[in-house]
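Report on one structure; see the data block that follows.
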Amino acid sequence: MSDFDYDLIVIGAGSGGVRAARVAASHGAKVAVAEEFRVGGTCVIRGCVPKKLYVMASRFADDFEDARGFGWQVGETRFDWATLVAAKEKEITRLSGLYEQTLGNAKVELIRARATIAGPNAVHFSDGRTARARYILVATGGAPVLAPHVPGLEWGLSSNEIFDLPTFPQRLLIVGAGYIAVEFASIFTRLGSQVALAYRADLPLRGFDDDLRSRVAEALTGAGVIHHPGALPTRIDKSAGGYRATMSDGETREVDALLIATGRRPLTQSLGLERAGVATRENGAIIVDAQSRTNVPSIYAVGDVTDRINLTPVAIREGHAFADSVFGNAPTTVNYDCVASAVFTTPELGTVGLTEADAMKDFPALDIYETSFRPMRATLSGRAERVYMKLVVDGASQRVLGAHIFGPEAGEMAQLVAIPMRMGATKQDFDATMAVHPTAAEELVTMRSPARRHRR
Ligand SMILES: Cc1cc2nc3c(=O)[nH]c(=O)nc-3n(C[C@H](O)[C@H](O)[C@H](O)COP(=O)(O)OP(=O)(O)OC[C@H]3O[C@@H](n4cnc5c(N)ncnc54)[C@H](O)[C@@H]3O)c2cc1C
């Protein structure tokens, strides 16, 4: 210890870094964590948490409409953006405080500074200090990438800024087709914006099951979102009332704001990785092994900066596994099978395991079960909405390889269905499970015959 100021310096107090720091300290390590912005990281400050709060805010629009079918007389409603932004700010400040408290309770030193790597065991802080550590953990996360590089792109906002827009955008153009783009389209259209969504492909959400992708696109259209599939802005100009986006499909859109949600990249620029010789991929992602160790034995990396599965629970699990392995004498690797995820459009999407298209590449025999039905609430509300569920089943072993759900609470369902799937449950195990009635989830255990079979 004498050669080192700390056993561990963590760079980045986000999902992965905070967990790693706390657990390492609980194993007796002397730990410091450096944070250049706000403790809690992307998820707490400008990702999952504020996003989900805004999703909740947006869903009241549907609730007010639906309530009428159940006998409620709903008076005039009015949405106030400033109230939502302030309430969100209060909540994320509270959460950030809790994270700080957790670090303090664990005796982790919080260094409020930007940190850069000065060598295999040395970290330099923007307050001028340099410290030596036996181990360094890079947990710097990711940053938005704004594309395409067209004139006027600098007028575009990233997801970092959209949460705190000073004025509510009555007209919003969103560029991108990933989960962040569609979630914000769903949020802002319900809060009252006129939203247009421009993306390169035919459908948004590349990588998700095609049957969910088409349903999300339809639901966005139903909620008032104008799609520009296969079209991107070719230039953006400032106009009298806001901005004018000229699109590659020949249209122009006058908007108050543009959200550019065209992806994220690992945050490794100017981090000093080269000073220690840490290897990265072309996109900047730090290359790590199953233990999250880089090519430099004293430097590890977890979370989005490694670009494995860029989700909060994964970053947390990686941070925990690192701390247990290095300081807890309990070598641990993260299992990436059956990582469930959700896309919080309205209705939302929940998914676990292989898509039908991916399973077709790997499995010679597949049974595809699907169901589509009107949710109970829609019977009285009159809302034109259908739930869709698909199970992708290995024809040989009958193991459930994929579950894809589109409908209310699909994220909650995906979390639960991930457990039997990880345990290797077969379709017969699903069938043998008694239903909970009346729920939408009961359909997961009552799909009797395949909608189609693939054999090769
Ligand atoms: C809009 C949005 C919505 C999302 N929604 C979800 C969701 O619903 N569910 C989900 O699971 N995931 C979601 N994510 C992804 C999730 O936020 C990330 O996967 C997660 O935060 C990654 O954790 P991390 O520890 O790798 O990095 P981060 O949480 O990004 O933390 C990195 C931290 O490092 C700090 N930092 C960076 N460089 C330095 C430096 N040189 N010195 C000091 N500090 C530094 C940053 O300020 C930051 O606080 C969302 C992301 C976004 C952007």
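Taking residues in the range 89-118 that are closer than 16 Å to V44 by Cβ, and partners anywhere that are among the hydrophobic types (A, V, I, L, M, F, W, C) and open to solvent by 30 Å² or more (accessible area, probe 1.4 Å), the pairs with Cβ atoms closer than 8 Å and at least 6 places apart or on different chains are E91/V49; E91/L53; I92/V49; L95/V49; E100/L110; L103/L110.
Here I111 meets the list (1) open to solvent by 30 Å² or more (accessible area, probe 1.4 Å); (2) β-branched (V, I, T); (3) in contact with an Asp or Glu (Cβ under 8 Å, 6 or more places away or on another chain) almost entirely, failing just condition (1). Taking the criterion of being within 15 Å of the ligand (Cβ to nearest atom), surrounded by fewer than 21 Cβ atoms within 10 Å (Cβ to Cβ) and not in a loop (DSSP other than H, G, I, E, B), would at least one residue in the range 295-311 satisfy it? Looking for residues that are within 15 Å of the ligand (Cβ to nearest atom), surrounded by fewer than 21 Cβ atoms within 10 Å (Cβ to Cβ) and not in a loop (DSSP other than H, G, I, E, B), one finds none in the range 295-311, hence no. With respect to the conditions (1) at pLDDT 95 or above; (2) open to solvent by 10 Å² or more (accessible area, probe 1.4 Å); (3) more than 21 Å from the chain's Cα centre (by Cα), R19 lacks only one, and its number is (3). Counting the residues of the range 404-430 that are part of a loop (DSSP other than H, G, I, E, B) and either open to solvent by less than 90 Å² (accessible area, probe 1.4 Å) or at positive phi (or both) gives 4.
Residues in the range 268-294 that are open to solvent by 70 Å² or more (accessible area, probe 1.4 Å) and part of a helix (DSSP H, G or I): E274, R275.
Within the range 63-84, one or more residues are hydroxyl-bearing (S, T, Y), modelled with pLDDT of 95 or more and more than 16 Å from the ligand (Cβ to nearest atom).
Checked against the criterion of being within 24 Å of I180 (Cβ to Cβ) and modelled with pLDDT of 95 or more, the range 97-104 has at least one qualifying residue. Summed over the range 212-236, the residues that are open to solvent by less than 40 Å² (accessible area, probe 1.4 Å) and not in a loop (DSSP other than H, G, I, E, B) give a count of 10.
Each row is one residue, and each column tells you yes or no for (1) without any contact (Cβ under 8 Å) to a residue 60 or more places away in the chain; (2) not charged (D, E, K, R).
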residue	(1), (2)
F344	no, yes
P347	no, yes
A396	yes, yes
E409	no, no
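Across the range 431-444, the number of residues qualifying as under 28 Å from the mean Cα position of the chain (by Cα) and either over 23 Å from S397 (Cα atoms) or open to solvent by less than 40 Å² (accessible area, probe 1.4 Å) (or both) comes to 5.
Of the residues making up the range 158-198, those that are part of a strand (DSSP E or B) and within 18 Å of the chain's Cα centre (by Cα) are I174, V175. Restricted to the range 375-393, and to residues there that are part of a loop (DSSP other than H, G, I, E, B) and within 18 Å of G411 (Cα to Cα), the residue that is most open to solvent (accessible area, probe 1.4 Å) is R386.
The values are calculated or read from the model by the stated rules, or taken from the named source; none is laboratory data. Keep in mind it's a predicted model, so treat the numbers as computed, not measured. Here Cβ is always computed from backbone atoms with ideal geometry, including for glycine, and neighbour counts include all displayed protein chains. Each accessible area value is taken on the protein alone, full model and side chains, heavy atoms only, with ligands, DNA and RNA left out. Shrake-Rupley method; radii C 1.70, N 1.55, O 1.52, S 1.80 Å.
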